[in-house]
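Before any comments, here is the structure.
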Amino acid sequence: MRSARLFLALVLAVSLPLHAIAQTAPGFVHPFAKQQMVAAANPLAADAGLEILRAGGSAVDAAIAVQMVLGLVEPESSGIGGGAFMLLFNPATRKTTSFDGREAAPASARPGMFLDAGGKPRTKPDAIPGGLSVGIPGVVAMLEMAHKKHGKLPWARLFQPAIALAENGFPIGPKLARTIANFKRGANMPDIKARFYHADGTPLAQGEITKNTDYAATLKRIASGGSKAFYTGEIAQAIVDKVQGAPVNQGGMTLADLANFAALEREPVCGPYRLWRLCSMGPPSSGGIAIVQILGMLQRFPSAQLQPGSLSEVHLRAQASRLAYADRAKFVGDPAFVKVPIKGLLDPGYIDSRAALIDPEKDMGTATAGNPPEKHAALSPQKSPVMHGTSHMTIVDKSGQVIAMTTSVESVFGSNIMVKGFFLNNTLTDFSLDPVLNGLPVANAAAPSKRPLSAMSPTIVFDKDGDFLLSVGSPGGPAIIGYVAQTVVAMLDGGLIPSDAIAQPRQLNLNSPTRLEKSTVNDALAPLLTAMGHSVTVVMGEGSGLHGIKKVKGGYIGGADPRRDGVVIGD
Ligand code: GLU
């Protein structure tokens, strides 16, 4: 058994490009596994997930252990003070479902809550820090809901790896060290200063060992008391005190807001791509609709024109993205508050009519939203926010249960305030800061209990027989949709293995200039795209953090984004 694994690993090792091997975590020969696999943004978090799988846990169990460690070792990106979406494929029923742990606005939220005294939207750096931007955290409720339905091990067991690391200490990873050093605004926020700076004012550096005993104590309470111990009692009181007494931008969250929060199970958004079928997250995320639309438009073009890194692929994907982002900005919001015309937006005839707007030779410029064949309100498109504080994991267990989970505190270190060892999110600034634009309401305006629009797109693709084929997702704010679409096309049309598809230089269009990540491939593409009418901007590094798993003969291969600290491990 062991020698068979080694043999396979060696065969793969000689047949795959070098950087795929470089992603191998210590102790593992190759990101190939026969039975179970974890792909996550930090090696310590991935280890916790694999430990749980080896103990007989399900993919959901492992996700809980991964999340609890991420909140410790990658707190700038996700944690129990944030929100998440989880897509789950259940091999027993062959059905895919989704769990919504998106933060909700407290009862005190108002449509114009981020406008200044003159009625103009405040800037993000001004509105984010403190209590006003904090949504009711959804991660704990969502994980508990998923665990009740799909967990195997006892809830408390899943907290053990994170509690041990928080109590014994862990080395600061490269990304956390970079983030602390680059996040100058953080040095003025007391909690970040206390946690991540030495007394002499220098930031903690990579490799320094740090503990978080407050976080360990919090996890112990949730481990023994369940989500009730988070949404009521001492932790809830501490959240309320912190939000209401924040050093800047005090908010109005109350104990009732926390006690009334509920995670939701939702139908995912699914659609065809050539012979495959994919499912992703529906509203309040725009991710699923946008990705199904982009791929729905692209399947009108032959695969030969969609080869990774080719001019035609980048151009066509940019055009399809423009059209999908235009619809996203206008029609999508929390479905409990706005009637999102999901069926109309995914209607094959409508997608055809949108694809017909694509000129294979010329950039269309700014796209406008379409008129989907389903009743919808008169709305104004919102302006798109850009932020980065998110993590994506994907896990498959021995039974074939697959999860894809994107989890976030919204911006870097969320709202920059901490409670009992964890950061609170700033997800309310994902609402349109303008509640009304051009005299029309915006679908994503703030309101009490409403969930802000997201782009998070945990995505699972199925083969022609309906069997699991691959799973992928990413952080990156609105760019998530572009990152995931590019990676899926590269794997399906280009046949790239996950690590190659994930490592590709990014090209994106968020219905604005075409964004090229600095690289040799893109240096060559830039003048050609310009000649086709694209206005091109070059960025020095994209904020993707894709993690993916693909089913192959005899097992699974995976990929982790070289732009972050992630790994893929398995057995
Ligand atoms: N808050 C963003 C969203 O829900 C994600 C932020 C990020 O990825 O950095 O779309």
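The values are calculated or read from the model by the stated rules, or taken from the named source; none is laboratory data. Fair warning: this is a prediction, and the values are worked out from it, not measured in the lab. Positions of Cβ are generated from backbone atoms using ideal geometry, with glycine treated the same way; all protein chains shown enter the neighbour counts.
Within the range 527-571, work out how many residues are small (Gly, Ala, Ser) and crowded, with 17+ Cβ neighbours inside 10 Å.
Just the residues of the range 527-571 that are small (Gly, Ala, Ser), to begin with: 531, 533, 535, 541, 543-545, 548, 554-555, 558-560, 566, 570.
Subsequent filtering for residues that are crowded, with 17+ Cβ neighbours inside 10 Å retains 543-545, 548, 555, 558-560, 566, 570.
Number satisfying all stated conditions: 10.
Screening the candidates Ser449, Ser432, Ser457 for the property of being closer than 19 Å to Ala367 by Cβ and assigned to a loop (DSSP other than H, G, I, E, B) yields one hit, Ser432.
Report yes if some residue within the range 219-232 is under 19 Å from Asn416 (Cα atoms) and modelled with pLDDT of 95 or more; otherwise report no. Give the steps one after another, and end with the answer.
Start the filter on the range 219-232 by keeping residues that are under 19 Å from Asn416 (Cα atoms), which leaves none.
Taking every residue of the range 219-232 in turn, none turns out to be under 19 Å from Asn416 (Cα atoms) and modelled with pLDDT of 95 or more.
Going by the structure shown, is Lys383 assigned to a loop (DSSP other than H, G, I, E, B) and within 16 Å of the ligand (Cβ to nearest atom)? It is true that Lys383 is assigned to a loop (DSSP other than H, G, I, E, B) and within 16 Å of the ligand (Cβ to nearest atom). The set of residues from the range 338-363 being in contact (Cβ under 8 Å) with a residue 40 or more places away in the chain and either buried (at least 16 other Cβ atoms within 10 Å of the Cβ) or touching a strand residue (DSSP E or B) at 6+ places or on another chain (Cβ under 6 Å) (or both) comprises Val338, Val340, Ile342, Leu345, Leu346, Ile351, Arg354, Ala355, Ile358, Asp363. Checking each residue in the range 226-259 for being in contact (Cβ under 8 Å) with a residue 40 or more places away in the chain and either closer than 30 Å to Asp347 by Cα or of a type in the set (S, T, N, Q) (or both) picks out Ser227, Gln244, Asn249, Gln250, Thr254.
Counting only residues that are over 10 Å from Ser544 (Cα atoms), within 16 Å of the ligand (Cβ to nearest atom) and in a loop (DSSP other than H, G, I, E, B), the range 467-504 holds 1 of them.
For Arg185, are the conditions met, namely being modelled with pLDDT of 95 or more, surrounded by 13 or more Cβ atoms within 10 Å (Cβ to Cβ) and in a helix (DSSP H, G or I)? Walk me through it before giving the result.
Details: modelled with pLDDT of 95 or more: no; surrounded by 13 or more Cβ atoms within 10 Å (Cβ to Cβ): yes; in a helix (DSSP H, G or I): yes.
In short, no.
Consider Asp523 carefully, then state whether it is among the acidic types (Asp, Glu) and in contact (Cβ under 8 Å) with a residue 24 or more places away in the chain.
Answer is no for this residue.
Only one of the listed residues (Asp359, Asp397, Asp352) is at pLDDT 95 or above, among the acidic types (Asp, Glu) and either in contact with a Ser or Thr (Cβ under 8 Å, 6 or more places away or on another chain) or under 30 Å from Thr123 (Cα atoms) (or both). That residue is Asp397.
May I ask you to verify whether Asp241 is surrounded by 15 or more Cβ atoms within 10 Å (Cβ to Cβ) and over 23 Å from the mean Cα position of the chain (by Cα)?
On the way: surrounded by 15 or more Cβ atoms within 10 Å (Cβ to Cβ): no; over 23 Å from the mean Cα position of the chain (by Cα): yes.
Criteria not met by Asp241.
Here Leu298 meets the list (1) within 30 Å of Ala446 (Cα to Cα); (2) aliphatic (A, V, I, L, M); (3) crowded, with 23+ Cβ neighbours inside 10 Å almost entirely, failing just condition (1).
Is one or more of the residues making up the range 314-327 more than 23 Å from the chain's Cα centre (by Cα) and either farther than 27 Å from Pro475 by Cα or in a loop (DSSP other than H, G, I, E, B) (or both)? No, every residue in the range 314-327 fails to be more than 23 Å from the chain's Cα centre (by Cα) and either farther than 27 Å from Pro475 by Cα or in a loop (DSSP other than H, G, I, E, B) (or both).
Within the range 142-164, the set of residues being surrounded by 24 or more Cβ atoms within 10 Å (Cβ to Cβ) and under 20 Å from Leu88 (Cβ atoms) comprises Met142, Leu143, Ala146, Leu158.
Please go through the range 506-515 and pick out each residue that is in contact (Cβ under 8 Å) with a residue 40 or more places away in the chain, under 19 Å from the mean Cα position of the chain (by Cα) and assigned to a loop (DSSP other than H, G, I, E, B). Give the steps one after another, and end with the answer.
Step one: filter the range 506-515 for residues in contact (Cβ under 8 Å) with a residue 40 or more places away in the chain, giving 507-512, 514.
Those left that are additionally under 19 Å from the mean Cα position of the chain (by Cα): 507-510.
Residues satisfying the conditions are Asn509, Leu510.
Within the set Asn444, Asn426, Asn371, Asn416, the sole residue that is within 21 Å of Phe331 (Cβ to Cβ) and within 16 Å of the ligand (Cβ to nearest atom) turns out to be Asn444. Residue check: is Gly482 more than 22 Å from the chain's Cα centre (by Cα) and modelled with pLDDT of 95 or more? Criteria not met by Gly482.
Given the condition within 29 Å of Pro43 (Cα to Cα), at pLDDT below 95 and part of a loop (DSSP other than H, G, I, E, B), answer yes or no: does some residue in the range 528-541 qualify? Scanning the range 528-541 turns up at least one residue that is within 29 Å of Pro43 (Cα to Cα), at pLDDT below 95 and part of a loop (DSSP other than H, G, I, E, B).
Give me the residue from the range 220-236 that is within 19 Å of Leu153 (Cβ to Cβ) and outside any helix (DSSP H, G or I) and, out of that set, nearest to the chain's Cα centre (by Cα). For the range 220-236, the residue satisfying everything is Ser227. Look at Pro272 and say whether it is modelled with pLDDT of 95 or more, within 16 Å of the ligand (Cβ to nearest atom) and not in a helix (DSSP H, G or I). In short, no.
Can you tell me which residue is farthest from the ligand (Cβ to nearest atom) among those in the range 396-413 that are buried (at least 24 other Cβ atoms within 10 Å of the Cβ) and either closer than 15 Å to Val69 by Cα or polar (S, T, N, Q) (or both)? The extreme case among them is Met405.
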